Every structure is written in structure tokens, then in C-alpha cells.
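Undergrad: Sharing a structure, written as C-alpha cells. Questions coming.
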Amino acid sequence: MNTALPPRLSILIATANSELSSTLAAMLRRLGLTNTRIARDSAEAFRLLSQSPYDAMILDSAIGPEDGIAVTRRVRLNAAAPNRAMAIVMVSGDMPPEQTKDARDAGIDEFIRLPAGAQILAARLETAIAAPRPFVVSPDYAGPDRRRREEPIDGKDRRAPLKRPSKPQGPTT
């Protein structure tokens with residue numbers, strides 16, 4: 001399968017569901033991405049994140065004991081974390097819209113509603129890694145710029161202008 005993703009990407013799959021982990025790892029292999037590790041719970045995910053740099057994490061919303069939203073917040077808000085700016089793609093079989101919004105507000109880059117195939121996984125990873133949105137840091141948020149497009153507003157815009165990278169920039173490990 002053709003993809004714009006560099007084959008040397010290092011990806012952490014974090015899900016308590018072993019069948020889902022195996023399926024995601026197999027899809028990544030079909031995409032030519034073989035440098036993957038699997039974490040079975042949030043504690044193992046944090047241990048692996050503290051040991052090695054990763055370009056992306058595919059995170060189950062219901063990983064446990066912390067949920068995927070809490071994991072994302074901990075990764076993003078820890079200024080000393082070496083993987084703070086990695087791409088985070090959250091997967092979930094059934095997530096209400098308010099939780100999807102909470103996940104976005106915690107700092108996920110992309111979201112995949114399961115079941116999904118390798119093409120969807122590749123598209124979300126490409127968006128998050130090959131064409132990332134600028135990384136924003138504020139006192140209560142760190143993660144990709146939540147604005148997907150610039151729109152005119154009524155009144156004064158207090159936000160800094162959105163800066164798009166001139167060429168795809170992503171981690172290269």
C-alpha cells in the first residue's frame with residue numbers, strides 16, 4: 001500500500017485489547033511500518049514513553065487504568081516529556097461526541113472510529129505526521145492547533161496567526 005509515511009517511524013500502540021493491538025500492528029506492517037511497540041495499559045505506555053522517543057502513539061480511548069484522554073493530557077502537559085509533541089491518534093469503537101471533543105481538547109492529533117481499515121489508519125497518520133498542524137503550548141493546553149482552517153470572525157481576533165509549515169515536517173527516526 002502506498003503511503004507518504006517514512007518507513008522508519010517509531011510507533012507505540014497503547015491498548016489493553018490484545019486483538020486490537022495485533023490488528024493495528026498488522027495494519028502498520030502492511031503500510032511498511034515495522035518499528036512498533038505495544039503497551040497493554042497506561043502504566044506500561046508511560047514506562048515505554050520514558051525509555052524511547054516515538055514519532056506517534058496509537059492510543060485506545062479505553063486503555064485503562066487511566067483512559068486515553070487522561071493519558072493524552074499527561075503526555076502533552078509534561079514539559080519535560082521527550083514525546084510531548086509526538087503525533088497521537090486515538091482509536092475508539094464508540095465514543096460520544098462530548099468525549100471526542102474532550103479528547104481533542106486534551107491534545108490528540110487525529111481520531112479513528114473503529115472498525116477501520118489500513119487506509120484510514122494511513123490517512124490519519126499521514127495527516128498527523130507528514131502534514132502536522134503547529135504545536136501549541138499554553139498554561140492549560142499543549143498539542144496540535146485545534147483550528148483546522150482559518151475563518152473570519154466577528155470582532156477582534158486575539159489569536160496569533162496560524163502558521164503552516166512550508167513543507168511536510170515530521171519526526172524522522
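Undergrad: Looking only at the range 29-44, count every residue that is in a helix (DSSP H, G or I) and more than 23 Å from ASP67 (Cβ to Cβ) and tell me the total.
TA: 2
Undergrad: THR3: without any contact (Cβ under 8 Å) to a residue 40 or more places away in the chain and under 18 Å from GLY117 (Cα atoms), yes or no?
TA: No; evaluated as a whole, the condition is false for this residue.
Undergrad: Which one of these does VAL137 not meet: (1) surrounded by 13 or more Cβ atoms within 10 Å (Cβ to Cβ); (2) at pLDDT 90 or above; (3) closer than 18 Å to ILE69 by Cα; (4) not hydroxyl-bearing (Ser, Thr, Tyr)?
TA: (1)
Undergrad: Tally the residues that are in contact (Cβ under 8 Å) with a residue 40 or more places away in the chain and out of contact with any strand residue (DSSP E or B) (no Cβ under 8 Å at 6 or more places or on another chain), restricting the search to the range 100-136.
TA: The total comes to 6.
Undergrad: Still on this structure, I have one more. Filter the range 15-28 down to the residues that are closer than 18 Å to LEU125 by Cα and part of a helix (DSSP H, G or I) and list them by number.
TA: Correct list: LEU20, SER21, SER22, THR23, LEU24, ALA25, ALA26, MET27, LEU28.
Undergrad: Further, regarding this structure: Tell me which residues, restricted to the range 13-28, are surrounded by 15 or more Cβ atoms within 10 Å (Cβ to Cβ) and within 16 Å of ALA118 (Cα to Cα).
TA: Matches in the range 13-28: ILE13, LEU20, SER21, THR23, LEU24, ALA25, MET27, LEU28.
Undergrad: Which condition from (1) part of a loop (DSSP other than H, G, I, E, B); (2) at pLDDT below 95; (3) closer than 27 Å to THR3 by Cα is the one that TYR54 breaks?
TA: Condition (2) is where TYR54 drops out.
Undergrad: Looking at the range 62-99 only, could you name the residues that are in contact with a Lys or Arg (Cβ under 9 Å, 6 or more places away or on another chain), free of Cβ contacts under 8 Å to residues at least 40 places away in the same chain, surrounded by fewer than 20 Cβ atoms within 10 Å (Cβ to Cβ) and not in a loop (DSSP other than H, G, I, E, B)?
TA: Passing the criteria: only SER92.
Undergrad: Being assigned to a strand (DSSP E or B) and not β-branched (Val, Ile, Thr) is the filter; apply it to the range 100-121 and report the residue that is surrounded by the fewest Cβ atoms within 10 Å (Cβ to Cβ).
TA: Per the criteria, the residue is ARG113.
Undergrad: Let me ask something else. Keeping to the range 60-115, report how many residues are under 12 Å from the mean Cα position of the chain (by Cα) and not polar (S, T, N, Q). If you could, list the steps in order and put the result at the bottom.
TA: Within the range 60-115, the subset under 12 Å from the mean Cα position of the chain (by Cα) is 60-61, 68-69, 71-73, 75-76, 83-91, 103-104, 106-112.
Going one step further and asking which of them are not polar (S, T, N, Q), we end up with 60, 68-69, 71, 73, 75-76, 84-91, 103-104, 106-112.
Residues flagged as under 12 Å from the mean Cα position of the chain (by Cα) and not polar (S, T, N, Q) within the range 60-115 amount to 24.
Undergrad: Has the range 123-135 got any residue that is in a helix (DSSP H, G or I), of a type in the set (Lys, Arg), under 11 Å from the mean Cα position of the chain (by Cα) and within 19 Å of SER21 (Cβ to Cβ)?
TA: yes
The values are calculated or read from the model by the stated rules, or taken from the named source; none is laboratory data. Being a predicted model, the structure only gives us computed values, none of them experimental. Neighbour counts run over all protein chains shown; Cβ positions are idealised from the backbone, glycine included.
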